1. Percent of alpha carbon pairs in the range 133-245 separated by more than 26 Å?
2. With a cut-off of 19 Å, note down the residues of the range 120-142 whose backbone N falls inside the zone around a label point 7 Å from the Cα of A61 toward its beta carbon.
3. Project the alpha carbons of the chain onto their principal axes and report the range along each, largest first, in whole Å.
4. Holding the Cα-Cα limit at 32 Å, pick out from K109/K225; K41/K167; K164/K212; K148/K212; K41/K137; K137/K212 the pairs that are longer than that.
5. Mind listing the phi-derived Karplus ³J(HN,Hα) values for the range 177-186, rounded to whole Hz, using 6.51, -1.76 and 1.60 with θ = phi - 60°, and x for any glycine or proline?
6. Could you work out the helix-only [θ] at 222 nm for the chain, with each DSSP H run of four or more residues adding -39,500 (n - 2.57) and the total divided by the number of residues, to the nearest 500 deg cm²/dmol?
7. At a Förster radius of 45 Å, what calculated FRET efficiency corresponds to the Cβ-Cβ distance of R124 and K212, to the nearest 0.05?
8. Which listed residue (I35, T116, G208) has the Cα farthest towards the positive end of the charge dipole for the chain, taking +1 on Lys and Arg C-beta and -1 on Asp and Glu C-beta about the Cα centre?
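Every number in this text was worked out from the coordinates using simple rules, so none of it is lab data. Note that the structure is predicted; figures quoted are calculated from it, not measured. Quick reminder, even Gly has a Cβ in these numbers, built from the backbone with ideal geometry, and neighbours come from all protein chains shown.
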Amino acid sequence: MQKRLLLPALKIVRAGCLLVSVLLSAMSAQAHDAISADARKAYLSRLDELARTAQGTAPAAVRASAWFETGKTLDDIRGLLNEDIISHGKTQGLETSVLVNMLNASVHKLQLSPQTRLYLSDPRPYREALALDPRGKQASLARFLLLKYHFYDSFVDHPLKPIKQSKETLLEMIGFGESLSTLNDPAIDSEEVHFILGIHYLQALDAGSLPKAKCQARVAEVLKKFRSQWPTSLKLATLEALSPP
């Protein structure tokens, strides 16, 4: 029963909004070309402008904001490329190829996961933003995006079997999740935070990275919150299926 529950829940949790975007793209007359010439020029111009600010002499908060926006811009591009791969098995279109080649020739080289064959999020811009302004207005969102993208990039089919994740990274992500779990910020998806936090504690339990009693207690607390606040969520179904009896 658990396996039947887990597999569809994982697929929907992970694909979610991306699947909707793919379906909408498929309805478009230009679904074969993820990026137009105008979009390519706009993305590259935006990245150049942000790089000048991020590496310039502006106040730390301004440079941090530029790094943060760089990360978001790269993730926008990555999302389009991955939609194309999911829809067609590969990226298509001349302008898409030009953009990928230009990014790969720059400091924004794209990383393709050999396991999932999808492009990975680049954590560097968000980390640079946090280093410059750890308490700034975008710091919480930077932590959330690091937490979210690391998690979904870290496994293929089973979230308790991450591809490559050191103990240090796992503990850092748990720290991010804990700091975000108490925030009341509409920009932060609290359900997503608690889901990933619960999974990371299950990972820590499996790996022995934290005391067993602490992991079990926090997983129980996360499950209790889900049952109270998001009782029909597929994320709850996934957590229940993954949690030990």
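1. Details: 838 of 6328 pairs.
Tail of P(r) above 26 Å: 13 percent of Cα pairs.
2. Those under the cut-off are 128-142.
3. Over the chain, Cα extents along the principal axes are 53, 44, 30 Å.
4. Violating the 32 Å limit, Cα to Cα: K109/K225; K41/K167; K137/K212.
5. Each residue's phi maps through the Karplus curve to give x, 5, 5, 8, 5, 9, 7, 10, 10, x Hz.
6. Details: 10 runs with 168 residues, N = 245.
Helix contribution divided over all residues of the chain: -23000 deg cm²/dmol.
7. 0.85
8. Comparing the listed Cα positions along the dipole, G208 ranks first.
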